[in-house]
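The values are calculated or read from the model by the stated rules, or taken from the named source; none is laboratory data. Predicted model, so just to flag it, every value in this text is computed and none were measured. FYI the Cβ positions are ideal-geometry reconstructions off the backbone, even for glycines, and counts take in every protein chain you see.
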Amino acid sequence: MAELLADVEIVTPGGEKILGSELLKDTIVALYFTASWCPPCQKFTPKLKKLHDKLRQLNKPFTVVVVTKDKEQDLYEEYCEEKMGTFNYLEFGNPKHKELLEKYEIKTIPAMKIIKSDGTVAVNDGVTDVREKEDNPEELFDEWEAFASI
């Protein structure tokens, strides 16, 4: 992940901007591809948020970075503030949104990739993982950690 988002400012839940090289160090990184206008995303986001919050309570090094397909800044920012809670996100208009959507060949959303430190995909379908194992977040994290090798 260091190379992929190292020089990119990522917005934290508190609104602070931190370089990816600092924020994403020694953590499992999930790139969450979503949009405010997407009903399946609106249904999935609370599941991911619940899992993320539980892993944070367990002090597991897990970080979600939101990548959007939104076209309107107001809708994206409102979606991040109201629905994403503890997730980090790329600022609207950042060219990394498009670059990541293309790099990981995101055609449908929601989509979530667990990314290794070099930017390669450790887990291709994080959405299905969360849906199938949302009741056992610790086991799911352990699987992701083994695949991602942080």
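Scanning region 95-150 for residues that are in a loop (DSSP other than H, G, I, E, B), farther than 22 Å from residue 51 by Cα and touching a residue at least 24 places away in the same chain (Cβ under 8 Å) yields a total of 4. Hey, among the residues in region 81-96 that are within 12 Å of the chain's Cα centre (by Cα) and at pLDDT 90 or above, which one's nearest to residue 4 (Cα to Cα)? Among them, the one singled out is 90. Looking at 7, 74, 53, just one residue is surrounded by fewer than 21 Cβ atoms within 10 Å (Cβ to Cβ), under 24 Å from residue 147 (Cβ atoms) and out of contact with any Asp or Glu (no Cβ under 8 Å at 6 or more places or on another chain), and that residue is 53.
Report whether or not residue 120 is farther than 21 Å from residue 39 by Cα and not aromatic (Phe, Trp, Tyr). Here the answer is yes, as residue 120 does meet what is asked. Pairing residues of region 29-48 that are within 12 Å of residue 65 (Cα to Cα) and in contact (Cβ under 8 Å) with a residue 12 or more places away in the chain with residues that are polar (S, T, N, Q) and surrounded by 15 or more Cβ atoms within 10 Å (Cβ to Cβ), at Cβ distances under 6 Å and at least 6 apart in sequence or on separate chains, gives 29/63. So is residue 19 over 23 Å from residue 146 (Cβ atoms), among the aliphatic types (A, V, I, L, M) and loosely packed, with under 15 Cβ neighbours inside 10 Å or not? Here the answer is yes, as residue 19 does meet what is asked.
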